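What follows is a short report on a single structure.
Coordinate-derived values only; no laboratory data. The structure displayed is predicted, hence computed values, not measured ones. A quick note on method: Cβ atoms are made from the backbone with ideal geometry, for glycine too, and the neighbour counts reach across all protein chains shown.
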């Protein structure tokens, strides 16, 4: 990898593509031990649930999606949980699920887009030895393009002002991850390769 300094952030160009990979401010916390689990975070449409299985397959690890796990345990959808319990109760359910799942080794875990807003979740994933928190960074325009037609499943897509506000609020939190990868122009396989290279470099 070739490093280029841009202000206070260091971007790494991965040889296999023009992938921009940024080490976040918390990367030093990771270097206390070998990567034993990879956690993917990012805004909707960033490809967490697509890339995660590809990375897991390459490592011979398991892949889990936090939202899928919650739905299986609750026997209803996340959208139904929001209506039935409210967002605060759902976020607590989500925090507990992440804390439990993140104890496993040999795991690639995909977070829901809003999970990063919970401070306890960020603290756990950034400080836990052996955990690599990877942000798959997309521009808002990419989210809109990739999620077009999914408004019924994701009603927030129809409210552009609310969506833009969520994106702006979450982006600096996502960028606290150990590593950020700009994925807008990449295929899922290229993103998976970048995640793998980031993990192997630790």
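If a paramagnetic tag sat 7 Å from the Cα of residue 68 along the Cα-Cβ line, which residues of the stretch 167-202 would have the backbone N under 17 Å from that point? Label zone hits: 188-189, 192.
Packing order of peptides 193-199, 99-105, 53-59, 112-118, highest average first: 193-199, 112-118, 53-59, 99-105 (average count of other Cβ atoms within 10 Å over each peptide's residues).
Each label point was placed 7 Å from the Cα along the Cα-to-Cβ direction; for residue 164 and residue 85 their separation is 3.3 nm.
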